[in-house]
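What follows is calculated from the coordinates using simple rules that are stated; it is not laboratory data. Please read these numbers as outputs of a predicted model, since none were measured by experiment. Methodologically, a virtual Cβ is constructed for each residue, glycine included, from the backbone with ideal geometry; neighbour enumeration extends over all protein chains shown.
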Amino acid sequence: MAARGCALVPTLVIYDQLAAMASAGQLTGPRADRARAVGQRLGEAVAIARDAGVPIALGSDFGHRDDHGRNLAEITLLHRAGLSIEAALLAATASGAELCGVGDRLGRIEAGYQFDAILLDRDPADPAIFTRPGCVTGVFQRGVPVVPHPRLAGQVGGALMSPCSMGLTGIGLSRTCPARGVSTMAHPPGAEEIRRPGLTRRKLLRHGAAGVGLLAAGPVLAACGSSGTSSATASTSSGAPKRGGTLSFGRQTGPTQLDPANSIVEGDVYTLDKIFEPLYITSPAGQLVPWLAQGHTVSSDGKTWTFALRPGVKFSDGKPVTADDVVFSILRAGGDKNGPLSFLDFAIKSLKADGSSTVVATLSQPWAPFLSDISVFANAIVPKDFGGQSESAFFTQPVGTGPFTLKSLTKGGNVSLVRNPHYWQAGKPYLDGVDFVYINDDNQRVLQLKSGQVQVIAAVPPTQVSALKADSSVVLEAFPAWAADLLFFNEKVPQFADRHVRRAISYALDIGAIAKATTYGTAQPGGSFFPPSLQYYKNVPTLSYDLSSAKAELAQSKYPHGFSFQLLVSSGNSQYVAAATIIQQQLKPLGITVTLNQLDDAAFHTAFEAFNYQAMINGAINDISDPDEMASFQVDVQNGGSHSFWTYYDNPSAIALVRQAETEFDDTKRADLYGQIQAIVAQDAPYIALDYPPNIYAWSPRLHGFAVNPGGAYRLEDVWLG
């Protein structure tokens, strides 16, 4: 950012005088032009603030009036949502919003020191602000109240606040700084109810970092339901679909690569699934639907599955899809020992083409989740032998059966897709293309949606849900999801290998308060590691908040007097940073000192996948309609593909139950097995479910046909712009 100038206080008066001199001809040339221009935009900033009823001094010599308008719009939005002015200022300045610089005219402020925002005790247009330093009741720089407001006394100040730290007596706000944390807030909505201390795929099984999530149907859905019609209703009530136009889609993660068999990163998965497709998919209702296959049959012993391919399907290069392509793709996905979801194809003994349009899978044993496993994005179909190219060359310009093809991609950033002219669904997709825009900042995504720069955004921050629900210019919907946010422990760390330590921490955390504070009521508090919307969820007893039990449990451990550890979080996920800060406080009574380790999204993934962490907050989502994926991924340390979600949790009894459930077809017996698994995990506490968040999206009313399935995926062939 350019050097900040001393603006608005007191230079607005100076520029007004200079502008008057220019008008009178006493000032000419470039200086006159500058005086007029700067005076105009600073004056406009004051007028905007006054008209909005927001007592904020706003402006910068180096800023543009559009920048001032955007900054003020954000603060006004937050203020109208119920946040105090102090909270809104702290949130905005923590992320680098340049609202005001001040010089040496305001008494306690060091000469020549530029600040981000000033909170006044009167109308910002009042001339008294230029002569009475006492009018300045709060000065903020990068989220730090350098001159604290009286209402913030005892809550923030000095060393307590670092950029993006959260005041422990308030609720975290999702506006984030370059370190992507949560800003301190004073008196947010409902703060009095949770004032006591300790109150993003969603990032794994889809680890990206900003969020999509799990939700129990009912009260939580109602709490963050659409301000307009649901996507299904919108698509049927707004007339016939229209062709054309490019959808601009704001997301919190960008793609790094497009190989479906080798990634579970959110930005990758939700890009490549528009290019490649599997034999079956999961619908928005959570049901398996034949896709590139038109159906299947199963032998009486459950070991032979025969798939009939849909006729007429072509790749984007115009070549027909054959059984040989299917065999190549699935065997490749299952045979890659480094593939994060290759374990899902564990039961396949052989896979063969029977002619050009039939595929026969022979399993080593009956496998209850097999059809769901086949539907995972990792089993998407690519041309046999990559169409004669090398693997690396192929995925640079991939060929698939999906509704779109790749136009351009910036690794970790933006990506552009265009319509596949050979798509097998006649007349679709309706869109000419899709531009996925990487917008890491939560509130910036919202602002760009409201300004029309994008037509839909992912991972709406919970802090914005209430305001967006009330905004008739936006459609907001919380889609049910098979997901959970969890606190994970690395059992390679001696303290967390101690079961008593993990149980003590579980007892010490007030999960209900954490969920309420960090999700603003949009998510149900955690319990089982299975979310309530997932098949075979059971409300098992958990180690719920009980500080006496926590101390007794820790006393039985090898660390009865406490210890210190680092808690890893993605700095791009404001909700997780808020939760980490609360956990930090809630563990103090046990003598456990927590230091937050905030890394950017890429570094975060690299760290935990290398077990270079002690504890972390991350999200898990079940990609398929069968719960085996989540159970295996988080419990089966040997065959689950991730060493029990990078924790090395190893309970032979739980593992045996997971494997038994995989071969059990009786629904009642499977339910009992998964209930036992959940009960064991709840008592072992290798990870602690914090909440079950929904997939919250918002979009322009111009957008029709948009929906998200419980696994977090959204298909776009039926989407159109009005």
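The peptide list 399-409, 584-594, put in order of mean Cβ contacts within 10 Å with the highest first, becomes 399-409, 584-594. Per residue, the convex hull around the alpha carbon atoms of region 366-433 comes to 146 Å³. Put in order of Cβ neighbour count within 10 Å, fewest first, the listed residues 699, 424 become 424, 699. Each of 303, 337 was scored by other Cβ atoms within 10 Å of its Cβ. Arranged with the fewest first, they read 337, 303. So for region 349-499, considering every pair of alpha-carbon atoms, how many percent are separated by more than 25 Å? Here the tail beyond 25 Å accounts for 59 percent of pairs. Roughly how many Å is it from the Cα centre of region 492-551 to that of region 317-360, as a whole number? Each part reduced to its Cα centre gives a spacing of 39 Å. Packing-based ranking of 410-416, 470-476, 566-572 yields 566-572, 470-476, 410-416, ordered from highest to lowest mean Cβ neighbour count within 10 Å. Each Lys and Arg contributes +1 and each Asp and Glu -1, all at the Cβ; summed about the Cα centre of region 483-695, the dipole is approximately 820 debye.
Rounded to the nearest whole angstrom, the semi-axes of the ellipsoid equivalent to region 322-420, taken from the Cα gyration tensor as √(5λ), stand at 27, 16, 12, largest first.
The fewest-to-most ranking of 664, 277 by surrounding Cβ atoms within 10 Å reads 664, 277. Legend: Rg and Dmax of region 253-438, from Cα coordinates, 15.9, 49 Å.
Taking a ≥ b ≥ c as the square roots of the eigenvalues of the Cα gyration tensor, an a/c ratio of 1.5 or more together with a/b larger than b/c marks region 627-722 as prolate.
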